[in-house]
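The values are calculated or read from the model by the stated rules, or taken from the named source; none is laboratory data. Keep in mind the model is a prediction, meaning the values are calculated, not measured. Glycine also receives a Cβ, built like all others from the backbone with ideal geometry; neighbour counts cover every protein chain displayed.
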C-alpha cells in the first residue's frame, strides 16, 4: 500500500541517491516455477523535491555492467547482446514525468528504447544520521514487460513454457541524502 508523500514530510530541495544504502532490484520467473532476483549495484541520481510535491523531479541512472544475480554465468549472459548489451548500451535511465504523492510515472530507457512506467511509491520517512546528515527513504515497485525494451531472448523448455518470464518486477529501495 502506497503512503502519500507531502512536503510536510520531506523538505523541498535537492536530494542525491545514497548508493551504499540503495538497491535497484528485479525479479524474473525462471522456468516459470521459481524466481531469480538481481540488482544493479552502481546507481546514481537526484531527486528535486519541489514545494508542490507534484512538481518534484527524479533522474536516476543504473550502470548495466553492475548487474548481479548471484551467478557469474547468468550475470555475463544478462550483460551480453542477448539481453542488455552492456557494451553498446552501458546505462539504464529513468526520468520522472509526474508524481502525485503515491505514484511516480516517468520514462525508462533501456537499450535506447524509452517507454513510460509507473511505480507505486511507499515513503519510509526522514531522519538524521549520527553525523547530522538528513536522509529520506522510499520504496518503489512496478511490473514491466521486458520485451517492450527489446529484451527478447528466451528458450523453450521441455513440457511447455519458457526459461525467462516476460514480466519483470522492479523493486527499488532508496535512501536519499539532502544536499545543503
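Check whether at least one residue in the stretch 153-176 is out of contact with any helix residue (DSSP H, G or I) (no Cβ under 7 Å at 6 or more places or on another chain), farther than 28 Å from residue 47 by Cβ and surrounded by 16 or more Cβ atoms within 10 Å (Cβ to Cβ), and report yes or no. For the stretch 153-176, residues out of contact with any helix residue (DSSP H, G or I) (no Cβ under 7 Å at 6 or more places or on another chain), farther than 28 Å from residue 47 by Cβ and surrounded by 16 or more Cβ atoms within 10 Å (Cβ to Cβ): present.
Taken over the stretch 97-110, the criterion of being over 13 Å from the mean Cα position of the chain (by Cα) and either buried (at least 17 other Cβ atoms within 10 Å of the Cβ) or outside any loop (DSSP other than H, G, I, E, B) (or both) is satisfied by 97, 98, 99, 101, 103. Of all positions in the stretch 64-83, at least one carries a residue that is in a loop (DSSP other than H, G, I, E, B), over 12 Å from the mean Cα position of the chain (by Cα), touching a residue at least 60 places away in the same chain (Cβ under 8 Å) and more than 19 Å from residue 24 (Cα to Cα).
Restricting the stretch 125-180 to residues that are under 20 Å from residue 80 (Cα atoms), free of Cβ contacts under 8 Å to residues at least 24 places away in the same chain and part of a strand (DSSP E or B), the residue that is nearest to the chain's Cα centre (by Cα) is 145.
If we keep just the residues of the stretch 14-23 that are in contact with a strand residue (DSSP E or B) (Cβ under 7 Å, 6 or more places away or on another chain) and surrounded by fewer than 15 Cβ atoms within 10 Å (Cβ to Cβ), which is farthest from residue 102 (Cα to Cα)? Checked the stretch 14-23; the qualifying residue farthest from residue 102 (Cα to Cα) is 21.
Restricting attention to the stretch 37-60, the residues being farther than 18 Å from residue 105 by Cβ and modelled with pLDDT of 95 or more number 8. Taking the criterion of being surrounded by 13 or more Cβ atoms within 10 Å (Cβ to Cβ), touching a helix residue (DSSP H, G or I) at 6+ places or on another chain (Cβ under 9 Å) and over 27 Å from residue 33 (Cβ atoms), would at least one residue in the stretch 77-85 satisfy it? Yes, there is a match, as at least one residue in the stretch 77-85 is surrounded by 13 or more Cβ atoms within 10 Å (Cβ to Cβ), touching a helix residue (DSSP H, G or I) at 6+ places or on another chain (Cβ under 9 Å) and over 27 Å from residue 33 (Cβ atoms). Per the listing 40, 26, 119, the residue uniquely surrounded by 14 or more Cβ atoms within 10 Å (Cβ to Cβ), in contact with a strand residue (DSSP E or B) (Cβ under 6 Å, 6 or more places away or on another chain) and more than 30 Å from residue 157 (Cα to Cα) is 119. Taken as a whole, the stretch 101-118 holds at least one residue that is at pLDDT below 95 and in contact with a helix residue (DSSP H, G or I) (Cβ under 9 Å, 6 or more places away or on another chain). Looking across the stretch 3-24, the residues that are in a loop (DSSP other than H, G, I, E, B) and either modelled with pLDDT of 95 or more or more than 15 Å from residue 139 (Cβ to Cβ) (or both) come down to 6, 7, 8, 11, 12, 18, 22.
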